[in-house]
Amino acid sequence: MIKNYLKIAWRNLSRNKGFSITNLLGLTIGITCTIFIFLWVNDELTYDKSNANYNSIYQVMANRDFKNNIFTDPNMVFPLQKALENGYPQIKNVVMSSYSSPQLFAVGDVKLKKNLVTVGGRYFDMFTCKFIKGNPSNALAEPNTIVLTQSAAKAFFGSADPINKVLKINNDQQVKVTAIIADLPGNSTRQFDCITAYNFSDPQSQRNMKEWNNSSWMVYIQTIPNPKIPQLEKDITSVMFQHNHDKISTYFTFPMSKWHLYSDFKDGKNAGGPIEYIRLFTIIAIIILLIACVNFMNLSTARSEKRAKEVGIRKTLGSDKKQLVLQFFFESMILVLTAFVFSVVVVYLLLPSFNLMVSKQMSLNLADPFFWIGSLVIIIFTGAVSGSYPALYLSSFNPVKVLKGTFAVGKNAVLPRRILVVGQFVISIFLIAATIIIYQQIQHVKDRDLGYNPNNLIMVPSTPSTDKSYGAIKADLLKSGLIKSVVRTSSPITQIWWRSPAPAWDGMPPNSQIIMSGIATDAEFTKTMGIKILLGRDFTGTPADSSSMMLNKAAVDAMQLKKPVGTLMRYGHRTSTVIGVIDNVVITSPYEPVDPLMIFYNANNSNYITVRLNDGTQPQKAIALLKKIYSQYTPADIFEYQFVDQEFGKKFAAEELIGHLTDIFAGLAIFICCIGLAGLASFTIEKRFREIGIRKVLGATVRQLLVLIAAEFLKLVLIAFVIAVPITWWLMHNWLQKYPYHVSISIWMFGVVGVIILLLTMIVVSINTLTAATTNPVDSLRSE
């Protein structure tokens, strides 16, 4: 029986090639998009799950309650790890870690920058790493030892055995390689190339162990099964308050399962993160698949008159409804299976390009049982949804009416089909509008006044060597005629590395707690960055600058300073006089308000040197000059540079990626809708072919015939527009609220979307109608 079903189903599909190809194309695109999205979603959902202790690892975090906002801080003090190691039965292991940062490594003639983390505690007992060489229990047991990832070991030593080989870090510290681990998975929060351990007996670590105020490290804990989290957090807070009288902080544990998906915090509360985009694209995948299924339903029911006699004859020969339902389901399943095979081939071919776009390392593993489970779900879902209505509808025909010739489709088939078409148009309107709004939001933020000029600015990482020769380097750069000004800073202009409570000042309101960003800089900071000075002056490099500071406008507003210039600020043991107020500068997120900023003078050391090119200077010449001077004064270092505008542009990467993905999937969804609309229009025209011939004989023009056929579809578009506009506005308005700095949704934008949909409908319907409208009526009426 099943063999017979398959044979008949294949025969019907092969005889109706136009119907089959139209549906096959729509289903292939729909399933392909779904596979791509679910591969991406699966990669996001499995973040950090390569860790064996995934469910028992927590990061210690703090909510620091300043009066202007609550700042969620992952930075902890150096002694916290040792303080939590003993005496707490719920804690199984504690690890401290620095942030991953690029460091200069040298071995022989090879000089490379690789990301290094330094850890304290039994790191490899907590975090899972696959050891290729060496032993996890003693890999970092001795001082000045290092563990390399496989790719880092190959970069340093090629095919040679790296074990016990010596590397030099930053032309200073020598470390011995004790182990090699496999490269970390791409969907791992913690990423590094090399890992070494703190030497708690060295003078710097000894000093850090006594410092309970400087929070610059990350602390992780591994708990026993089923820990009592409130008690655990109470213990951590108690330890901190014993040594630190900071009463503005509340300490809590953040589970590894939320590190990636729920990484955003606002006012001390979790505000989501990538999970929002996972939900969005999961919905888009389902929508695209449903659109393809709706096409199948519409086209199948539109062909109902052609299948009516077949159903009537089968029923008179003894077929019951169940057998007919199975027959039609088999047809849909064959089509879905064929589309799935094509989709797998397309995904395999396009996956490298997709990985490049989303910056991932996903693969299509056909041996993975989870892939086939997911594929089976997609196939069954698509086949069941697309085949359900046609199977139930076609199998319900009355054989007597069909064979008498009195059968008519009627409203029972037309109304559901119209509802489905309206649903497709609603989705299309939403996707086009959402794409436009996302684009507008990104452009709105890109056009925001940054408070400085990022063009013609080049940043070069500085080192102790460049600090020693900074005066000579600056003089040579300015003497070249290519460089307008030079400044060095403690952090790049595109990042904030330092946050702390505001300094104290006379007239400070009681209980005032303001969190501020900080940066240390040399002379000519505002000139080089292109920042406007609102009051006072910039640093000039005189000895008096060492006891001076500048504030930005946001800091003056937050501190409620009426006459900021000349105000004395007490910051720790340092007293500084405010000499200037600068305009607000967007340094961190371009989507957020500007933080209060304090700027100190530091002429001794830095982390970055920033140069502004003269107008008309070719960047290539400036880079060649920088490299030459850098090599002259610091031959042991690696020359690197960054364009400030490009570095700032990276802050839009996540939103731009989401925008690109939305563009692609929205475009494909609309294309599927157009395929279905074209198929539906062709069947409508085929059904009215003789009517069109009669109307032409009676004098109807091609334009009148086009309007006649398009009128039904245009009505459906207008109905969909009325439904889609309020839904789209509500959904996108809620999405925009996550950004303090955002666009407003214009009613005219919906008008543009409506015109686009109307034009698409007219084009698709007109292309299909023109053939019938320009055909000689004799051809359609010859048999009458």
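In the stretch 95-104, the residue that is modelled with the lowest pLDDT out of those that are open to solvent by less than 50 Å² (accessible area, probe 1.4 Å) and either more than 18 Å from Val77 (Cα to Cα) or of a type in the set (D, E, K, R) (or both) is Ser101.
Test Lys168 against the stated conditions and say whether it is out of contact with any strand residue (DSSP E or B) (no Cβ under 6 Å at 6 or more places or on another chain), under 28 Å from Val460 (Cα atoms) and among the charged types (D, E, K, R). The answer is no for Lys168. Has the stretch 556-572 got at least one residue that is under 25 Å from Ser606 (Cβ atoms), crowded, with 19+ Cβ neighbours inside 10 Å and of a type in the set (S, T, N, Q)? Taking every residue of the stretch 556-572 in turn, none turns out to be under 25 Å from Ser606 (Cβ atoms), crowded, with 19+ Cβ neighbours inside 10 Å and of a type in the set (S, T, N, Q). From the set of residues in the stretch 640-660 that are of a type in the set (A, V, I, L, M, F, W, C) and open to solvent by less than 40 Å² (accessible area, probe 1.4 Å), which is nearest to Lys474 (Cα to Cα)? Out of the qualifying residues, it is Val644.
Please go through the stretch 135-157 and pick out each residue that is open to solvent by less than 50 Å² (accessible area, probe 1.4 Å) and part of a helix (DSSP H, G or I). Steps first, please.
Initially, the stretch 135-157 is screened for residues open to solvent by less than 50 Å² (accessible area, probe 1.4 Å), giving 139-140, 145-149, 152-153, 155-157.
Ala152, Ala153, Ala155, Phe156, Phe157, listed by residue number.
From the list Phe265, Phe252, Phe241, the one residue that fits, being open to solvent by 30 Å² or more (accessible area, probe 1.4 Å) and in contact with a helix residue (DSSP H, G or I) (Cβ under 6 Å, 6 or more places away or on another chain), is Phe252. So Met598 clears everything in (1) farther than 30 Å from Tyr571 by Cα; (2) open to solvent by less than 20 Å² (accessible area, probe 1.4 Å) except one condition, right? Which one? Unmet for Met598, out of (1) farther than 30 Å from Tyr571 by Cα; (2) open to solvent by less than 20 Å² (accessible area, probe 1.4 Å): (1). Is it fair to say Phe721 is at pLDDT 85 or above, crowded, with 19+ Cβ neighbours inside 10 Å and either not in a helix (DSSP H, G or I) or not basic (Lys, Arg) (or both)? For Phe721, the condition - at pLDDT 85 or above, crowded, with 19+ Cβ neighbours inside 10 Å and either not in a helix (DSSP H, G or I) or not basic (Lys, Arg) (or both) - is met. For the stretch 268-293, a residue qualifies if it is closer than 30 Å to Ile21 by Cβ, crowded, with 17+ Cβ neighbours inside 10 Å and β-branched (Val, Ile, Thr), and the qualifying residues are Ile284, Ile287, Ile288, Ile291. Just so you know, in the stretch 105-125 the residues that are assigned to a strand (DSSP E or B) and either at positive phi or polar (S, T, N, Q) (or both) include one that is surrounded by the fewest Cβ atoms within 10 Å (Cβ to Cβ), and it is Asn115. Of all the residues in the stretch 200-238, those that are among the acidic types (Asp, Glu), over 35 Å from the mean Cα position of the chain (by Cα) and open to solvent by less than 60 Å² (accessible area, probe 1.4 Å) number 2.
The set of residues from the stretch 203-220 being closer than 17 Å to Tyr99 by Cβ and outside any helix (DSSP H, G or I) comprises Asn214, Ser215, Ser216, Trp217, Met218, Val219, Tyr220.
Residue-level analysis places Ser263 outside the set of residues that are modelled with pLDDT under 90 and more than 26 Å from the chain's Cα centre (by Cα). Screening the stretch 623-663 for residues that are at pLDDT below 90 and of a type in the set (Gly, Ala, Ser) and picking the one that is farthest from Val585 (Cα to Cα) gives Ala636. Can we say Thr128 is part of a strand (DSSP E or B) and under 30 Å from the mean Cα position of the chain (by Cα)? Criteria not met by Thr128.
Considering the stretch 611-635 alone, what residues qualify as being touching a strand residue (DSSP E or B) at 6+ places or on another chain (Cβ under 9 Å), in a loop (DSSP other than H, G, I, E, B) and either open to solvent by less than 40 Å² (accessible area, probe 1.4 Å) or of a type in the set (Phe, Trp, Tyr) (or both)? Hit for the stretch 611-635 is Thr617, nothing else.
Name the residues in the stretch 473-510 that are among the aliphatic types (A, V, I, L, M), open to solvent by less than 40 Å² (accessible area, probe 1.4 Å) and over 33 Å from the mean Cα position of the chain (by Cα), would you?
Ile473, Leu477, Ile483, Val486, Val487, Ala502, Ala504, listed by residue number.
Against the conditions (1) under 24 Å from Tyr439 (Cβ atoms); (2) modelled with pLDDT under 85, Ala710 satisfies every one except (1).
Out of all the residues in the stretch 437-451, is one or more among the acidic types (Asp, Glu) and part of a helix (DSSP H, G or I)? Scanning the stretch 437-451, I find no residue that is among the acidic types (Asp, Glu) and part of a helix (DSSP H, G or I), so the answer is no.
The values are calculated or read from the model by the stated rules, or taken from the named source; none is laboratory data. Worth saying up front: this structure is predicted, and the values here are computed from it rather than measured. No Cβ is skipped: glycine too gets one built from the backbone with ideal geometry, and neighbour counts run over all protein chains shown. For the accessible areas, the whole protein counts, side chains as well, though only heavy atoms, and no ligand, DNA or RNA atoms are used. Shrake-Rupley method; radii C 1.70, N 1.55, O 1.52, S 1.80 Å.
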